[in-house]
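Read through the structure below, which is laid out as structure tokens, and then see the notes.
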Amino acid sequence: MDHVPQIYHGLWQRTLYAEPANGEPTFVDRDTQVYWLQAGDWHADLRVPTDRPDFRGRESLAACGRDQLEWLASQTAFAGITRVEGRFCTWHRLIDLSPGLDKDIGVMRFIDDDTLEECHPESTYREIWQRVTARDSAEPVVELDAAGLPRWLQYGDHAMAIQTRPAIESDHDLLAAPAQCTTAELHARAAVNIRYVTQRDGAWQVALSTLPWQENRPLVA
């Protein structure tokens, strides 16, 4: 497959989110840590807002309180297949920590080779992405699990390690708000684990994770 032009390949960091896309924005976010890694046709996206609760002393989902579990289950983190058709980019979320009904489509414009503007097709929002990895500096590495879902996406010294949730009960409503879920359902919902990792001297270190206690530690499979 080759549905994503090479100019998109690599790691991108969001530097601006604004609503609406046109005119004077009523909401601006420059502080949320957002990383999008595009490895060939596959993507992973991880977002960590500044208001994340304190998880000090927690080392597992079982050790988290109710409020912490609800926050973890509401995070934005996903991975899947990307399609670029003309100026439209669609991210098909095959793994999604907090699924929704909206289709993820952006109208894309390269301001320059390393700066990318994304706008909602109906101008609901505008995002600016800055390239982190040097263009054409590496070959994408993609590893899929037995189900054909991405478990490792890498570009140079940057990667996303992805662990999908185990099978959930048939009556679990993935679209229900976390506050409406049982503790067991929250554990299942938050079991999606996406980690942004960086490599130095041949060792991988977790920079950001959907499970905060994993950060600033060596990557453990």
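The values are calculated or read from the model by the stated rules, or taken from the named source; none is laboratory data. Since we're looking at a predicted model, the values are computed, not measured. Here Cβ is always computed from backbone atoms with ideal geometry, including for glycine, and neighbour counts include all displayed protein chains. Just so you know, the surface numbers come from the protein's heavy atoms only, side chains and all, with ligands and any DNA or RNA stripped out. Shrake-Rupley method; radii C 1.70, N 1.55, O 1.52, S 1.80 Å.
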Restricting to the stretch 17-32, count the residues that are within 16 Å of the chain's Cα centre (by Cα) and open to solvent by less than 80 Å² (accessible area, probe 1.4 Å). 2
Tally the residues that are at pLDDT below 95, assigned to a strand (DSSP E or B) and either in contact with a Pro (Cβ under 8 Å, 6 or more places away or on another chain) or open to solvent by less than 60 Å² (accessible area, probe 1.4 Å) (or both), restricting the search to the stretch 168-202. 0
Can you confirm whether residue 84 is touching a His at 6+ places or on another chain (Cβ under 8 Å), more than 17 Å from residue 35 (Cα to Cα), open to solvent by less than 30 Å² (accessible area, probe 1.4 Å) and touching a residue at least 24 places away in the same chain (Cβ under 8 Å)? yes
From 10, 100, 65, residue being of a type in the set (Gly, Ala, Ser) and modelled with pLDDT under 95: 100
Tell me yes or no: at least one residue of the stretch 68-75 is surrounded by 16 or more Cβ atoms within 10 Å (Cβ to Cβ), at pLDDT 95 or above, part of a strand (DSSP E or B) and of a type outside the set (Phe, Trp, Tyr). no
Positions within the stretch 116-127 being in a strand (DSSP E or B) and either touching an Asp or Glu at 6+ places or on another chain (Cβ under 6 Å) or open to solvent by less than 20 Å² (accessible area, probe 1.4 Å) (or both), in sequence order: 116, 118, 127
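Residues are listed down the side, and each one gets a yes or a no for (1) in contact with a helix residue (DSSP H, G or I) (Cβ under 6 Å, 6 or more places away or on another chain); (2) charged (D, E, K, R); (3) touching a residue at least 12 places away in the same chain (Cβ under 8 Å):
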{"position": "12", "(1), (2), (3)": "no, no, yes"}
{"position": "39", "(1), (2), (3)": "no, no, yes"}
{"position": "46", "(1), (2), (3)": "no, no, yes"}
{"position": "51", "(1), (2), (3)": "no, yes, no"}
{"position": "58", "(1), (2), (3)": "yes, yes, yes"}
